[in-house]
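What follows is a set of notes on a single structure, which appears directly below.
The values are calculated or read from the model by the stated rules, or taken from the named source; none is laboratory data. Predicted model, so just to flag it, every value in this text is computed and none were measured. Don't worry about glycine lacking a Cβ; one is built from the backbone with ideal geometry, like all the others, and counts go over all protein chains shown.
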Ligand SMILES: Cc1cc2nc3c(=O)[nH]c(=O)nc-3n(C[C@H](O)[C@H](O)[C@H](O)COP(=O)(O)O)c2cc1C
């Protein structure tokens with residue numbers, strides 16, 4: 001299979017915008033949604049530790065509650081599929097072991113061969129719990145970016161949302177007191193005709209300001 005073309009890539013990245021108005025009547029097909037869930041699963045993370053949960057919120061009553069704590073942003077209710085990105089707030093030795101078990105299961109390697117790797121993860125993160133939340137947030141934002149780009153490649157609109165109350169989300173979604181906490185949300189679906197943001201010029205700094213070529 002050929003990879004996508006440069007033209008297609010750039011066309012879809014220019015087509016994507018932070019969608020303000022979703023068409024509540026249009027739903028993402030089951031096949032496309034499956035592919036987007038797989039894109040989430042395939043997101044990279046440091047050590048491969050995947051310090052996240054993806055909550056797919058389809059219950060209209062819950063969506064209504066979430067909208068009220070998301071600056072009343074309509075996308076939360078009107079989108080086809082709503083993903084809440086939750087990131088680890090803690091990481092214990094047993095979580096590292098769980099990941100190592102999965103490596104053994106998938107790759108069939110000898111657990112003893114993973115000792116150095118295990119020590120590295122424990123030394124960096126388990127023994128420095130204060131580092132874990134911000135480290136997890138950074139990883140989880142990568143999954144969010146991967147999700148948005150993947151959706152755009154399929155002609156599906158998204159809007160990343162940090163304009164929300166994470167503590168309230170945690171309460172509503174049953175995350176309070178767990179090892180995961182809300183980071184951001186991402187409604188996905190199809191733009192509504194007439195969303196004026198769809199045609200606004202993209203505001204980006206010029207190449208000369210952004211790149212340092214060494
Ligand atoms: C992490 C993150 C959080 C954001 N939060 C919101 C939000 O709460 N509501 C919103 O309408 N847009 C939100 N945006 C969208 C940005 O405003 C938008 O991506 C930026 O202005 C660039 O425009 P474009 O994405 O349409 O090209 C967010 C973007 C990111 C990356």
List, please: which pairs have Cβ atoms under 7 Å, are six or more places apart or on different chains, and start with a residue in the stretch 73-85 that is within 12 Å of residue 28 (Cα to Cα) and end with one that is within 13 Å of the ligand (Cβ to nearest atom)?
79/22; 79/187; 82/76; 82/185; 82/187
For the stretch 166-178, which residues satisfy the criterion of being touching a helix residue (DSSP H, G or I) at 6+ places or on another chain (Cβ under 9 Å), in a loop (DSSP other than H, G, I, E, B) and surrounded by fewer than 17 Cβ atoms within 10 Å (Cβ to Cβ)?
176, 177, 178
Which of (1) more than 17 Å from residue 96 (Cβ to Cβ); (2) touching a residue at least 24 places away in the same chain (Cβ under 8 Å); (3) within 16 Å of the ligand (Cβ to nearest atom) is the odd one out, the single condition residue 134 does not satisfy?
(2)
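Listed residues 56, 96; which is buried (at least 17 other Cβ atoms within 10 Å of the Cβ) and either modelled with pLDDT of 95 or more or more than 30 Å from residue 129 (Cα to Cα) (or both)?
Exactly one residue qualifies, and that residue is 96.
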May I ask you to list the residues in the stretch 4-27 that are under 23 Å from the mean Cα position of the chain (by Cα) and more than 19 Å from residue 202 (Cα to Cα)?
4, 22, 23, 24, 26, 27
Can you confirm whether the stretch 149-165 contains a residue that is more than 26 Å from residue 28 (Cα to Cα), surrounded by 12 or more Cβ atoms within 10 Å (Cβ to Cβ) and within 12 Å of the ligand (Cβ to nearest atom)?
yes
Being touching a strand residue (DSSP E or B) at 6+ places or on another chain (Cβ under 6 Å) and farther than 22 Å from residue 74 by Cβ is the filter here; which residues of the stretch 18-46 pass it?
40
